[in-house]
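Structure first, commentary second.
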Amino acid sequence: AYVSMEEFGTQYAAEALLPSTSLEIQDELAGVISKVNPKIYIQLMRSAMLGDFTSLLAAVKAPTLVLIGEGDTIAPRSESDFIVRKIPNATLEVIPGAGHLACLDNPSAFDGAVGKFLDSRR
């Protein structure tokens, strides 16, 4: 609420991505975030952070892949482990060389993990 979405996008990209991720990717992420309506973003984050959806996890029937970057400092590994324990037949993949946005930090490992998961469901 105290900074522009442009400033927030730049800060978020710096915190969510690993320093080894290219400046081009960081700038692209910051640019995408800068276009988000701040009121909608704040509502989304309030829902995500304050909502308690844990009672719904056991009801998930679909095969579930939980991904986390090994260097994620935003979403703790303990949260991913908790989700995997609560969703029947969920699996966890830790993406090496990745932070919170593993698909941007290490896209090949991310794609490989998703591909392996999808192939196992054929």
Q: Considering only region 63-122, state which residues are farther than 27 Å from residue 23 by Cβ and hydrophobic (A, V, I, L, M, F, W, C).
A: 65, 66, 82, 83, 84, 87, 90, 92, 117, 118
Q: Evaluate the following for residue 97: is it open to solvent by less than 70 Å² (accessible area, probe 1.4 Å), among the small types (Gly, Ala, Ser) and modelled with pLDDT under 95?
A: no
Q) Among the residues of region 70-119, which ones are touching a residue at least 12 places away in the same chain (Cβ under 8 Å), touching a Leu at 6+ places or on another chain (Cβ under 9 Å), among the acidic types (Asp, Glu) and not in a strand (DSSP E or B)? A) 72, 105
Q) Which one of 119, 72, 81, 111 is surrounded by 18 or more Cβ atoms within 10 Å (Cβ to Cβ) and not small (Gly, Ala, Ser)? A) 72
Q: Hey, can you tell me all the residues within region 16-61 that are in contact (Cβ under 8 Å) with a residue 60 or more places away in the chain and either among the acidic types (Asp, Glu) or not in a helix (DSSP H, G or I) (or both)?
A: 17, 18, 20, 21
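The values are calculated or read from the model by the stated rules, or taken from the named source; none is laboratory data. Since the structure is predicted, the reported quantities are computational estimates derived from the model, not experimental observations. Quick reminder, even Gly has a Cβ in these numbers, built from the backbone with ideal geometry, and neighbours come from all protein chains shown. The protein model used for the area step is the full one, side chains on, heavy atoms only, and it has no ligands, DNA or RNA in it. Shrake-Rupley method; radii C 1.70, N 1.55, O 1.52, S 1.80 Å.
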